[in-house]
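Undergrad: Below you'll find the structure I mean.
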Amino acid sequence: MTARITGNDYRSLTPPEIGAWTPSLRVSVVVPAYGGQDKLDLVLAGLAGQTYPAALTEVIVVDNGSRPPLRLPDLRPAGTQLIVCPVPGRAHARNAGLLAATGDVIHWLDSDVVLDRRSVEAHMRWHHAAPYLVVTGYLRFTPAELPAPGVVAAADDLAKIFEPAEPHAWLVDLVERTGGLVDNPHRAFSLHVGGATSVNAALLAQAGPMDADLILGQDTEMGYRLAQAGAVFVPEPLSRAFHLGPTMRMRDKASIDRVSHAFVADRIPAYRWLRSHPARQWKVPYLEVVVELTGRPGEEFGYDEVRATVDAVLAGTLPDVVITLTGPWDRLGAEGRAPLKDPDLDLVLIRGHYAHEPRVRFSLEAPDSVRPAPPYPATGDGRPTAAVPYRLRLPAGWVPGEDSLARLLDLARDDGYGLVSVLLAEGPVNAGGAKSVEGAESIGDSANAGGVKGAEGVADTGGVESVEGSESVEGSGNPGNARDTEDLGGAGNAGDAGGSVRGDRRIVAARLERAAAFARAEIVLAEGEDLDDAVEDTFGVLWVDGETYGFLPEARPIAGRRGSYRARTEAEAEVARLTKEAERLRGQVTKWRGEAGTWRKSAVELRREVGGLRRELAAAKKVVQYGLLSSVKRAIIRRR
């Protein structure tokens, strides 16, 4: 049984000790090179001294148009071949080497990186533990003079030759601040660096070759696609290598970032900070929403229901989205003489309405949870969806709120779930999907066109009833424990977003699937096991309440950009007014505080005056009392 790793926690694997195991997998070391024969000689000398069996190792050096041409030195591994790739560019050279490789594992190696003699073995022991790993060694950058190739081949410890050297600070920092890439698996793919990284060949075949359209950032972009193919990324400190001299990035990081970010932003949705524009679309969208036009057997959703769903998705706070409408588009032919009597009129309306919307594509079949469905017709633009990180299967007629999709994605990403199922409705088996409103006044009426009625017979339309065995829809919040898929009548199965039946109950649900989770699940899937169960083991599964996340079976007016602009302008004006009023009130408070201080000072002076008067009064009383006493005494004396 294939080992199962949760998230990117490779610590569940126990690779064998170096030198204490018997390997069986073949490795192809691919070395693209342009010039630098002296450094290449050292790289091949380092490979010649590896502890991994030479019989299981092949080395492919790709000469990328060097002048004079590169040659293979005498000191090299036995299974070394030299091929030529005349097309300039490292991506082209690596792809040429990949095409020639025959190993079970591909080990990328730059032509100025010398491996420690145990480095390949340190990589390969991980690949024997699981077939979906990407392993990266630790690079150090040395300014040392180049030694003779024989010295490198004979060295048991390259540190004696190349130290002192600088560590790969960026990689070390990434590993340390993510707990070895375990605490933040969303950034793990950044570990894929071409200098000293090995990849399972079958996994690489799923992800595809290097993107030759990129100027820089090819390693990171491939790492992202490997993540979508189910990869686990492993930093291996026992694999050490020395880079001969500094890299181009070390010499001019700001310029390198400026160029690479301009390209990878279009291809790596996970780099959300590079996609700060509030409205534009990208080559690889963050989310694919799949809306199937078929509901229950023999039933198709109509134009109004589909439009309600699609328009709400397009108008949401997440513009980074593509919508796939799946249906029998091949039934549509040329325009007929009586279009209003066409039995496929709703299909015609849907296709016509969204034919020129760049974020909507058409397909004859729904994509499975791992591979995208081809666009229809096949001559369409073929926008890529294989690398889209999330896919939402949403029944037609169910309308997300303005921020519903963004909230769902935040939940899935922050908590690492592989599947978030949204319970939209539950009711008797005759409760169908949402039905279109009869008598919408006009197609152009944004408030009415595409309106839908609630599902017939569904208790508490738009909400949910509690499912047997569960106290609340949201459940405990623990991955996989919120709901038992079997209790929901298979509503958790891929492709059942439109609804499923268990006994006399019908469940309508949407599914947010993480591509990497389902790709991993397919790799580790046991015979007869449901794919969702494997997702639960590796990433976790959660059920949530649709109404809580803003999903309703009815169309809502769409504000549009102008309405949003006006609302924002009014809000900004109100903020400015309240800010000005707050400033005025603060001025008043300051004034009142000043007056209060004056009053306190006056009160102190008055208290002093009162105290003085009291003292004078007391003294006067004493004088009066003394005078009265003297008068009485004199009177008594006179009487005597």
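The values are calculated or read from the model by the stated rules, or taken from the named source; none is laboratory data. As the structure is a prediction and not an experimental result, all values here were calculated from the model. Because the Cβ atoms are built from the backbone with ideal geometry, glycine has one as well, and the counts that use them run over all protein chains shown. The protein model used for the area step is the full one, side chains on, heavy atoms only, and it has no ligands, DNA or RNA in it. Shrake-Rupley method; radii C 1.70, N 1.55, O 1.52, S 1.80 Å.
Undergrad: Report the convex hull volume per residue for segment 154-219, counting only C-alpha atoms, in Å³.
TA: 169 Å³
Undergrad: Can I ask one more? For residue 636, tell me the accessible area in Å² from a 1.4 Å probe, rounded to the nearest 10.
TA: For residue 636, the solvent-accessible surface is approximately 80 Å².
Undergrad: To the nearest 20 debye, what charge dipole does segment 1-113 have about its Cα centre, counting +1 at the Cβ of each Lys and Arg and -1 at the Cβ of each Asp and Glu?
TA: My answer is approximately 220 debye.
Undergrad: Starting from the amide H of residue 324, placed 1.01 Å from N in the peptide plane, find each other amide H under 5 Å away whose residue is 5 or more places distant or on another chain.
TA: 289, 290, 291, 361
Undergrad: Mind listing the phi-derived Karplus ³J(HN,Hα) values for segment 539-555, rounded to whole Hz, using 6.51, -1.76 and 1.60 with θ = phi - 60°, and x for any glycine or proline?
TA: Residue by residue, segment 539-555 yields 10, x, 10, 9, 10, 10, 7, x, 5, 4, 9, x, 8, 9, x, 7, 6 Hz.
Undergrad: Work out, step by step, the length gained on full extension between residue 410 and residue 184: first 0.36 nm times the residue separation, then minus their alpha carbon distance; give nm to one decimal.
TA: Length difference between fully extended and current span is 79.9 nm.
Undergrad: Search the structure for amide H atoms under 5 Å from the amide H of residue 134, placed 1.01 Å from N in the peptide plane, and list their residues when 5 or more places away or on another chain.
TA: The answer is 232, 233, 234.
Undergrad: Okay, moving on. Report, in whole Å, the centroid distance computed from the Cα atoms of segment 47-100 and segment 201-231.
TA: 20 Å
Undergrad: Mind checking the log10 I(q)/I(0) for segment 4-65 at q = 0.15, 0.20, 0.25 Å⁻¹? Debye, one equal scatterer per Cα, no solvent, two decimals.
TA: The calculated log intensity ratios at q = 0.15, 0.20, 0.25 Å⁻¹ are -0.68, -0.89, -1.05.
Undergrad: Which whole-Hz couplings ³J(HN,Hα) result when phi for each residue of segment 171-185 is put into the Karplus expression 6.51 cos²θ - 1.76 cosθ + 1.60, θ = phi - 60°, listed in order with x for Gly and Pro?
TA: Along segment 171-185, the couplings run 5, 4, 5, 4, 5, 5, 7, 10, x, x, 6, 8, 6, 10, x Hz.
Undergrad: Mind ordering 255-262, 28-35, 51-58, 323-330 by average Cβ neighbours within 10 Å, highest first?
TA: 28-35, 323-330, 51-58, 255-262
Undergrad: Expressed as a fraction of 2.2 N^0.38 Å, the rule-of-thumb size for a compact globular protein of N residues, what is the C-alpha radius of gyration of segment 200-295?
TA: Normalised Cα radius of gyration, segment 200-295: 1.36.
Undergrad: A further question follows. Between residue 300 and residues 5 or more places away or on another chain, which pairs have amide H atoms under 5 Å apart, with H built 1.01 Å from N, and which residues are they?
TA: 295
Undergrad: Here is a further query. In whole Hz and in residue order, list the ³J(HN,Hα) couplings for segment 232-242 that follow from phi through the Karplus curve 6.51 cos²θ - 1.76 cosθ + 1.60, θ = phi - 60°; x for Gly and Pro.
TA: Values, residue by residue: 10, 9, 10, x, 10, x, 6, 9, 10, 8, 10 Hz.
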